[in-house]
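One structure follows; several queries about it will come next.
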Amino acid sequence: MINEHFFKKPQILLILFSLSFCVQIEAQTEQDLFNIIKEDEKSIVPLLPERMIFSQKLFWGTNGLFRKTGIVPLNIKMRQKELKVRRVMLKTHQVIGYATLLAMMAEGIIGGKLYNGNYELYKTHKTMGSLIKIGYFTGAGLSLFAPPPLINKKVKGLNSIKAHKLLATVHFSAMLSTNYFSNKDRVAHRASAYTLFGSFATAVLVFKF
């Protein structure tokens, strides 16, 4: 996949140094808003944001699967529990993201040696690739299927969250193409792997900057 000399560059050392400072997803003020709701329970305050992604609407929306089946009724108490679940899921999403990125780096070193003729590492390369796929899609699932926030206002201009989402479309496409070309086109596979690593690493670190 990625040549081992790639990781000797100062930019990569900077990325590794930055990883030691765990970045937190922007904290929201759900608890404060709930306190306002409780102080004036007669006021009509929406418990769901107007803007939700398709997976949130599918499961957590007013007419979502969890609401219609009665598994998760839509009320203040349940929404408080949902937001706690959301925080745990997104924290886990971050941790898995860092672990997957480190696995990608290791895979790059292994891939570089493999491309240089060390075919004894082929099975290791395949195993590491499988672990990366598991980590990648598990992390993606945690993000996509987490309960929605209490508010989700549209912000003008580019910010860290928008950049993270835009980069997600890039590294998701690169992940698919990397796997598609793995046994079909060596050059395309390697180019896809470079794109995957670069976009995924940037997406992981974008909250820092």
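The values are calculated or read from the model by the stated rules, or taken from the named source; none is laboratory data. What you are looking at is a predicted structure, and each value in this text was computed from that prediction instead of being measured. Reconstructed Cβ throughout: ideal geometry from the backbone, glycine too, with neighbour counts over all protein chains shown.
With GLU26, GLU82, GLU30, GLU50 as the choices, which residue is modelled with pLDDT under 90, over 20 Å from PHE197 (Cβ atoms), of a type in the set (Asp, Glu) and surrounded by 11 or more Cβ atoms within 10 Å (Cβ to Cβ)?
GLU30
Here are ILE134, ILE151: which of them is within 30 Å of ILE53 (Cβ to Cβ), β-branched (Val, Ile, Thr) and either touching a residue at least 24 places away in the same chain (Cβ under 8 Å) or in a loop (DSSP other than H, G, I, E, B) (or both)?
Going through ILE134, ILE151 in turn, the sole match is ILE151.
Filter segment 182-202 down to residues that are surrounded by 14 or more Cβ atoms within 10 Å (Cβ to Cβ) and free of Cβ contacts under 8 Å to residues at least 12 places away in the same chain and give me whichever is farthest from the chain's Cα centre (by Cα).
Step by step, filter segment 182-202, then rank; the result is ALA188.
For every residue, the table says whether it meets (1) loosely packed, with under 13 Cβ neighbours inside 10 Å; (2) in contact with a helix residue (DSSP H, G or I) (Cβ under 9 Å, 6 or more places away or on another chain).
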{"residue": "ALA103", "(1), (2)": "no, yes"}
{"residue": "TYR122", "(1), (2)": "yes, yes"}
{"residue": "LEU131", "(1), (2)": "no, yes"}
{"residue": "ALA140", "(1), (2)": "no, yes"}
{"residue": "PRO147", "(1), (2)": "no, yes"}
{"residue": "GLY157", "(1), (2)": "yes, no"}
{"residue": "TYR180", "(1), (2)": "no, yes"}
{"residue": "VAL204", "(1), (2)": "no, yes"}
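Which one of PHE145, PHE172 is of a type in the set (Phe, Trp, Tyr) and touching a residue at least 60 places away in the same chain (Cβ under 8 Å)?
Just a single option satisfies the conditions, and that option is PHE145.
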